[in-house]
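Q: First the structure, then my questions, so here it is.
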Amino acid sequence: MSAHASPLGAARPLAPGAARPIRIAICDDSVVIRGALARMLAAEADFSVVARVGDGAQALATIKTMKASAPVDVLILDIEMPVMDGMAALPRLLEADPALRVIMASTLTTRGAEIALRALRLGAADYLPKPTTAMVADDSFRRELIAKIRGLVRLRNPARALGQAAPAGREEASLAARPLAPRKPSLLAIGSSTGGPQALFTLIPALGKTLPVPVILTQHMPATFTPILAEHLGRLGGMPCAEARDGEVLRPGHIHLAPGDRHLLIRRDGATLRARLSTDPPVNFCRPAVDPMLASAAEACAGRVLVVMLTGMGHDGREGTRAVVTAGGAAIAQDEATSVVWGMPGAIAQAKLCHAILPLAQIAPKILEIVGR
């Protein structure tokens, strides 16, 4: 460990027979933020903050030193730091320990969004807004970060006990007992949140360059991030992707992304489907939210909607999916084993609204089977 690396005391003791704590390192040039994050995370019984460092070079030395005997599971990595910044450090960190899960801490700016999403495509596991002391004290920030860390470690080693229900079994086959309706959908609607960008980077290219239906997408994300996400999805070599504009026609083979801080609603105009953007209050504490998108799509398409619910915290999308399914549409949920957080997909699965619950890699072939080319 670097001479400047600062270890934290052990986390609270685990129950006898429990798995070892999740080992976390924090890399941020602010000693105040390092300390605040460390105290917040160390309060979890299954977490141990094993290092706090101030730049990417120290992080790299720490990861290399610890790999042989006690490897770090998750590194929270700031982007802008002296000596070696986060983007310079990222490839070296992943080369030093390919199993390391890196969460990038990004400023909520256009430049920060571009760097964070580029980092995801280069191997970072997820991102979070660059924390402030006020954010660290906020319960929603704490809950989401803790869920991300647990979920990313579970994906790294699904057999590990993390003090939560294991994904094995989960009665997913019985939860996905609905038969598919014979009508082909006229719209594909995707919802995602925590872990969603990485899932989308896998799903969207697998759908190919053309689909016979439009695609609408709501990802819980700040307003500065959504245009950059649209740009990155469009660069993947598949379908064009852009933030939806109020009144625009939904076109087959195009992805229309809900802009940050706006709900994306669907309206019928004769034979045409159009996007409507709304500043109505947040739904499920989110704007954009998946529920209003799906409820409006169910009405506009007379139920001819295929819902795909990807990884995410909470239950946003459950009631919208219910509206779609009640109107005759269909729903696919990402399975628990491949989700960072099985909140949103788990909510529609447990409500028995799914026609299929699938690993991420199997979702695109199922979509293509249902909508056709």
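Q: Rounded to the nearest 0.05, what FRET efficiency do LYS184 and VAL31 have when you use their Cβ-Cβ distance and R0 = 45 Å?
A: Result of the calculation: an efficiency of 0.20.
Q: Next question. How large is the convex hull of the Cα atoms of segment 202-259 per residue, expressed in Å³ as a whole number?
A: Convex hull volume per residue, Cα atoms: 70 Å³.
Q: Per 0.36 nm of contour for each residue apart, how much would the distance between THR202 and LEU108 grow if the chain were fully extended, relative to their Cα-Cα spacing?
A: Length gained, THR202 through LEU108: 31.4 nm.
Q: Restricting to bridges with both residues inside segment 245-373, how much of the DSSP beta-bridge set is antiparallel, in percent to the nearest 5?
A: 55
Q: Distance from a point 7 Å along Cα→Cβ of LYS209 to each backbone N in segment 348-373: keep the residues under 16 Å and list them by number.
A: Under 16 Å, as judged by backbone N against the label point of LYS209, lie 373 of segment 348-373.
Q: Highest first, please rank the peptides 64-72, 21-29, 191-199 by the mean number of other Cβ atoms sitting within 10 Å of their residues.
A: Answer by packing, highest mean first, reads 191-199, 21-29, 64-72.
Q: So, one more: Taking the Cα atoms of segment 243-373, what is the range of coordinates along each of the three principal axes, in descending order and whole Å?
A: Each principal axis gives a Cα extent; for segment 243-373 these are 38, 35, 25 Å.
Q: Which far-off residues, 5 or more places away or on another chain, put their amide H under 5 Å from the one on VAL49, with H placed in the peptide plane?
A: Long-range HN contacts for VAL49: ALA11, ILE24.
Q: Further question on the same structure: As an exercise, use a Förster radius of 45 Å and the Cβ-Cβ distance of THR326 and ARG235 to find the FRET efficiency, rounded to the nearest 0.05.
A: 0.75
Q: Once the principal axes of the Cα atoms of the chain are found, what is the range along each, listed largest first in whole angstroms?
A: 68, 44, 35
Q: Any chance you could count the Lys pairs in the chain whose alpha carbons are under 26 Å apart, treating pairs 8 or more apart or on different chains as valid?
A: For the chain, the number of qualifying lysine pairs is 10.
Q: Can I ask one more? Percent relative contact order of the chain, based on C-alpha pairs within less than 8 angstrom and at least six residues apart?
A: The normalised contact order for the chain reaches 14 percent.
Q: Could you give the length gained by full extension between ASP138 and ALA302, i.e. 0.36 nm per residue of separation minus their alpha carbon distance, to one decimal place?
A: Extra length from ASP138 to ALA302 when fully extended: 54.9 nm.
Q: Then there is this: If one takes the longest principal axis of the Cα atoms in the chain, at what angle in degrees, from 0 to 90 and to the nearest 10, does the Cα axis of helix 31-42 lie?
A: On a 0 to 90 degree scale, this one is about 70.
Q: Separation of segment 334-373 and segment 50-112 by C-alpha centroid, Å?
A: Using only Cα atoms to place each centre, the spacing works out to 32 Å.
Read the figures in this text as sums done on the coordinates, not as results from a lab. As the structure is a computational prediction, the values presented were derived from the model and not from experiment. Neighbour counts run over all protein chains shown; Cβ positions are idealised from the backbone, glycine included.
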